[in-house]
Amino acid sequence: MLTRHSSGPPRTSDLIIVGAGVVGAACAYYAARAGLHVTVVDRGPVAGGTTGAGEGNLLVSDKAPGPELELALNSAQLWRDLATELPARIEYETKGGVVVASTEPELTALRRFAAEQRRAGVEATEVPADRLTDLEPHLAPGLAGGVHYPQDAQVQPALAAAHLLRAADDTGHLTLRLGEEVTAVLTGRPGEVRGVRTTRHGEVHAPHVLNAAGTWGGQLARLAGLELPVHPRRGFVLVTEPLPRVVRHKVYSAEYVSDVASGSAGLQTSAVVEGTPAGPVLIGASRERVGFDRTLSVEALRRLAGQAVRLFPALARVRAIRTYAGFRPYLPDHLPAIGPDPRLPGLLHACGHEGAGIGLAPATGALIAAMLTGGELALDPAPFAPDRFEHEESVR
Ligand SMILES: Cc1cc2nc3c(=O)[nH]c(=O)nc-3n(C[C@H](O)[C@H](O)[C@H](O)COP(=O)(O)OP(=O)(O)OC[C@H]3O[C@@H](n4cnc5c(N)ncnc54)[C@H](O)[C@@H]3O)c2cc1C
């Protein structure tokens, strides 16, 4: 259990969370339910950061055995629980994923990957080429085969963040401060955190401050005098006009997995195609590290559209009605930073979830709450240690 500081200025909360994205909201939810008084501060609205630009895939299918998959499996369970605790408006759907291979060598690699995942607890069933249309009637002919992942699910990210905060508020333990920027992390004499300074309320005190600032987590850490190499990895999503249910699962090609795991700064696209309850098909998402540049990339959209049509030829006749971009919070080893920062007692981090923050939010929140209250940790948090980059050159 983390020690609460007994001395210092009067406190208004046990925990200040900087960031009202899905990760901050999940941390607030689990911490408030554990009895902590929580203040969430965001300079914008709820889900105004990357959460509002995400797609809402809750994937285990794209993760190799290791710490991120453990976190994803734990989160998958917690999302199932949340689906019964939060209103149906969060649009949680256990639709499952289908990963398809175009060639025999790709299928061999996919088969090997799925076998490793199965040993780590993932449900994965091979689907022969001639049975793929049982799952997805509109899939292109000529594919080599695929794997069905029934644990993959979906949620509407902004609504999920909003309802997590509303449920936290229902405990009576939440103060939400929106439109208020954190400009300093306050420390006391012995170098312990004692709160934050915000643009509207001046000093806000608490013995613990959680950095849930997503892609801006590095900047928040710097306010505390620390380095955390979180960088933006841009992604575009293409949205079609509303359609009858053409795509039933999350469907993507096997090459997507290597794109996700790659650290390349260059443009990568491997379309994940999915239908939504409202009708539009989402085609996402590209990956590239170009800083916080929001300029529309026609090349990224052209590639996404082309790949989606190769998977679902019927989409060639469908109009794309809009596109949006967001910045994934990228840490050099593709793992988030979760837990207390040993360099500054009282400071914790829950950021850097890259392209999986919506999926990984509940497990992150539950871990943070357990760390603060002495609860049982569902998994070993060591791989997510926030100071693990301390002796490495920052990678852009
Ligand atoms: C195109 C795209 C598609 C994606 N698809 C998926 C997907 O399908 N599944 C999935 O799991 N993930 C997906 N992601 C990734 C996911 O969106 C992110 O990992 C997740 O939203 C991160 O959430 P967060 O709460 O950490 O950050 P954010 O949502 O960015 O929240 C951080 C908040 O901190 C606030 N903030 C920052 N600095 C300060 C400050 N100084 N003072 C006050 N407030 C501050 C910001 O205003 C912001 O609201 C996708 C991302 C992109 C870009």
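The values are calculated or read from the model by the stated rules, or taken from the named source; none is laboratory data. Values in this document were obtained by computation on a predicted structure and should not be read as measured data. All Cβ positions, glycine included, derive from the backbone under ideal geometry; neighbour counts span all protein chains shown. We work out accessible area using only protein heavy atoms, side chains counted, and drop any ligands, DNA or RNA first. Shrake-Rupley method; radii C 1.70, N 1.55, O 1.52, S 1.80 Å.
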Inset, instruction - Among what's in region 173-220 and is open to solvent by 60 Å² or more (accessible area, probe 1.4 Å) and of a type in the set (Asp, Glu), pick the residue that is nearest to the ligand (Cβ to nearest atom). - result: GLU181
Inset, instruction - Looking only at region 84-102, count how many residues are open to solvent by less than 80 Å² (accessible area, probe 1.4 Å) and free of Cβ contacts under 8 Å to residues at least 60 places away in the same chain. - result: 0
Inset, instruction - Give me a count of the residues in region 50-61 that are touching a strand residue (DSSP E or B) at 6+ places or on another chain (Cβ under 8 Å) and either within 6 Å of the ligand (Cβ to nearest atom) or without any contact (Cβ under 8 Å) to a residue 24 or more places away in the chain (or both). - result: 6
Legend entry - Members of region 223-251 that are within 11 Å of the ligand (Cβ to nearest atom), surrounded by 23 or more Cβ atoms within 10 Å (Cβ to Cβ) and among the aliphatic types (A, V, I, L, M): VAL230, LEU238
Inset, instruction - May I ask you to verify whether ALA265 is in contact with a strand residue (DSSP E or B) (Cβ under 9 Å, 6 or more places away or on another chain), modelled with pLDDT under 90 and assigned to a strand (DSSP E or B)? - result: no
Inset, instruction - Could you grab me the full set of residues in region 321-350 that are within 11 Å of the ligand (Cβ to nearest atom), touching an Asp or Glu at 6+ places or on another chain (Cβ under 6 Å) and either aromatic (Phe, Trp, Tyr) or not in a strand (DSSP E or B) (or both)? - result: TYR330
Legend entry - Sole exception among (1) under 25 Å from LEU59 (Cβ atoms); (2) open to solvent by less than 30 Å² (accessible area, probe 1.4 Å); (3) within 15 Å of the ligand (Cβ to nearest atom) for ALA254, by number: (3)
Inset, instruction - Please specify each residue of region 124-135 satisfying the condition of being touching a strand residue (DSSP E or B) at 6+ places or on another chain (Cβ under 7 Å) and either surrounded by 13 or more Cβ atoms within 10 Å (Cβ to Cβ) or among the hydroxyl-bearing types (Ser, Thr, Tyr) (or both). - result: ALA124, THR125, GLU126, VAL127, ALA129, LEU132, LEU135
Inset, instruction - Tell me which of these GLY35 doesn't satisfy, since it passes every other one: (1) modelled with pLDDT of 95 or more; (2) near the ligand (Cβ under 6 Å from one of its atoms); (3) surrounded by fewer than 24 Cβ atoms within 10 Å (Cβ to Cβ). - result: (2)
Inset, instruction - From the list ARG388, ARG302, pick out the single residue that is out of contact with any Leu (no Cβ under 8 Å at 6 or more places or on another chain) and touching a residue at least 40 places away in the same chain (Cβ under 8 Å). - result: ARG388
Inset, instruction - Tell me, please, whether a residue that is more than 16 Å from the ligand (Cβ to nearest atom) and open to solvent by 20 Å² or more (accessible area, probe 1.4 Å) can be found in region 70-78. - result: no
Inset, instruction - With the condition kept exactly as written, say whether any residue in region 103-112 is open to solvent by less than 40 Å² (accessible area, probe 1.4 Å), over 20 Å from the mean Cα position of the chain (by Cα), more than 9 Å from the ligand (Cβ to nearest atom) and not polar (S, T, N, Q). - result: yes
